[in-house]
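Down below is the structure, laid out as structure tokens.
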Ligand SMILES: C[S@@+](CC[C@H](N)C(=O)[O-])C[C@H]1O[C@@H](n2cnc3c(N)ncnc32)[C@H](O)[C@@H]1O
Ligand code: SF4
């Protein structure tokens, strides 16, 4: 019988586990502490549980931590880790150390249904949702886990399309029985899905980043098919109902494509769309992907855009591009690994 992983279970799920096994209720917190504080990799290490209870647990469960199967290191210190997620499938988690912080970019799905024109993960199509175990494992089994200061749900997949598992993982990261991190250390990035955006805002306190990329709905449809189901104008309307002026930050991601969305006309439309909303814009350099007729704008154009928006009251930054030499655009390494696996099977 396949054993179930304990890592990735919330406290209430652990409470059900111990109840069903006839263990005392307080054992749930003890197990949570072994999993999320002491980060053990075997049930045998949970030494404050009686031997009998450890044996009961081991019959049906395992810790379920799994180290990355591959890694690529950039000259700038960025490391892209590959984690196995089911038979023949892999997801990436990218560790990005900086002067005063260390961020992990975490995946939420194997592939993605959203099919954004510019995204390698989109090109893979959708294979599976990651479980909370597979999401938390990217953090728990990271060699640099003790150095982490921030997590961004910006890896492979659309987190709002796997919201139940993502919310469980976010609970574990922020709860006192889990990693006890402030939600200010965590950002979830999304294209904005009708079913999911409101729930995420109401059930979590983590920061939100919306992938915007153009303020023109017709153009956004071309770049991001998700626009057809939930338009950027409706997304902004929904966001206006919530307060992002205090602890919680709202940002918009904007890949600057040469000759597509990089002129001041777009900047003016952005100002109109986001007027009065407490938010910032992150300009992103495009990581070119094979077979897509899009190019990134040059740094001068991006700086002009940033300065124009900031001087008109919309705080704008240019995101530092990291790990360019190891294909930091998400999906590249896992696509290569999946292809390699297929070749081996032929
Ligand atoms: C990979 S997505 C994952 C989170 C979510 N699915 C989303 O789209 O926001 C994270 C960010 O990477 C951006 N991105 C995707 N492909 C890119 C590329 N080739 N170059 C630069 N950024 C890219 C997305 O637009 C998004 O803002
Ligand atoms: S950019 Fe995000 S939503 Fe779009 S295909 Fe890539 S992972 Fe999916």
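How long is the gain from residue 3 to residue 234 if the chain were fully straight, where each residue apart is worth 0.36 nm and the alpha carbon distance is subtracted? Intermediate results must be reported in sequence, preceding the final value.
Working: separation 231, 0.36 × 231 = 83.16 nm, distance 4.38 nm.
Separation in residues times 0.36 nm, less the Cα-Cα distance, equals 78.8 nm.
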At residue 73 and residue 19, where each label point lies 7 Å from the Cα along Cα→Cβ, what is the point-to-point distance in nanometres?
-> 4.8
Connecting every pair of Cα atoms under 10 Å apart in the chain and solving the GNM, the largest mean-square fluctuation among 176, 12, 108 falls on 12
Between the modelled labels at residue 115 and residue 202 (7 Å from Cα along Cα→Cβ) the distance in nm is 3.1
In what sequence do 316, 121, 127, 233 fall when counting other Cβ within 10 Å, fewest first?
-> 233, 127, 316, 121
Roughly how many whole Å is it from the C-alpha centroid of the range 257-315 to that of the range 168-223?
-> 21
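Cα gyration tensor of the range 58-210, axes a ≥ b ≥ c as square roots of the eigenvalues: rounded (a/c below 1.5), prolate (a/b > b/c) or oblate?
It is rounded, given that a/c, with a ≥ b ≥ c, falls under 1.5.
How high is the relative contact order of the chain, given as a whole-number percent (alpha carbon pairs under 8 Å, six or more residues apart)? The partial results should precede the final answer.
On the way: 648 pairs, mean separation 54.9, N = 346.
Relative contact order here is 16 percent.
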Extension length gain for residue 258 and residue 320 (0.36 nm per residue less Cα distance), in nm, is 20.5 nm
Which percent, to the nearest 5, of DSSP beta bridges fully inside the chain are antiparallel?
-> 45
Relative contact order of the range 225-285, pairs being alpha-carbon contacts under 8 Å that are 6 or more residues apart, as % = 48
What FRET efficiency would be calculated for the residue pair residue 249, residue 55, taking the C-beta separation as r and a Förster radius of 51 Å, to the nearest 0.05?
-> 0.60
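With the cut-off at 1.5 for a/c, could you classify the range 143-206 from its C-alpha gyration tensor as rounded, prolate or oblate?
Working: a/c = 2.15, a/b = 1.54, b/c = 1.40.
Since a/c reaches 1.5 and a/b is larger than b/c, the shape of the range 143-206 is classed as prolate.
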What is the Cα centroid distance between the range 24-47 and the range 66-143, reported in whole angstrom?
-> 26
Taking the chain as a Gaussian network, Cα atoms linked when under 10 Å apart, which of 246, 39, 80 shows the biggest mean-square fluctuation?
-> 246
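Would you calculate the volume per residue, in Å³, of the smallest convex hull containing every Cα atom of the chain? Walk me through the numbers before you get to the answer.
On the way: hull volume 50.7 nm³, N = 346.
Dividing the Cα hull volume of the chain by its residues yields 147 Å³.
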Residue-averaged 222 nm ellipticity for the chain, from DSSP H runs of 4+ at -39500 (n - 2.57), nearest 500 = -9500 deg cm²/dmol
If you line up the long axis of helix 51-60 against the longest principal axis of the chain, both from Cα atoms, how many degrees apart are they, to the nearest 10?
-> 50
Top of 52, 19, 113 by mean-square fluctuation, Gaussian network on the chain, Cα under 10 Å = 52
With the label point 7 Å along the Cα-to-beta-carbon line of residue 299 and a cut-off under 20 Å to each amide N, the hits in the range 237-269 are 254-259, 262-263
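In what sequence do 161, 298, 100 fall when counting other Cβ within 10 Å, fewest first?
On the way: 161 20, 298 13, 100 6.
Fewest to most other Cβ atoms nearby, the residues stand as 100, 298, 161.
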Honestly the range 4-62 on the Cα gyration tensor test (a ≥ b ≥ c root eigenvalues; a/c under 1.5 rounded, otherwise a/b vs b/c for prolate or oblate) is just rounded
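A short reminder: the numbers here are calculations on the coordinates, not readings from a lab. These figures come from a predicted structure and were not determined experimentally. Reconstructed Cβ throughout: ideal geometry from the backbone, glycine too, with neighbour counts over all protein chains shown.
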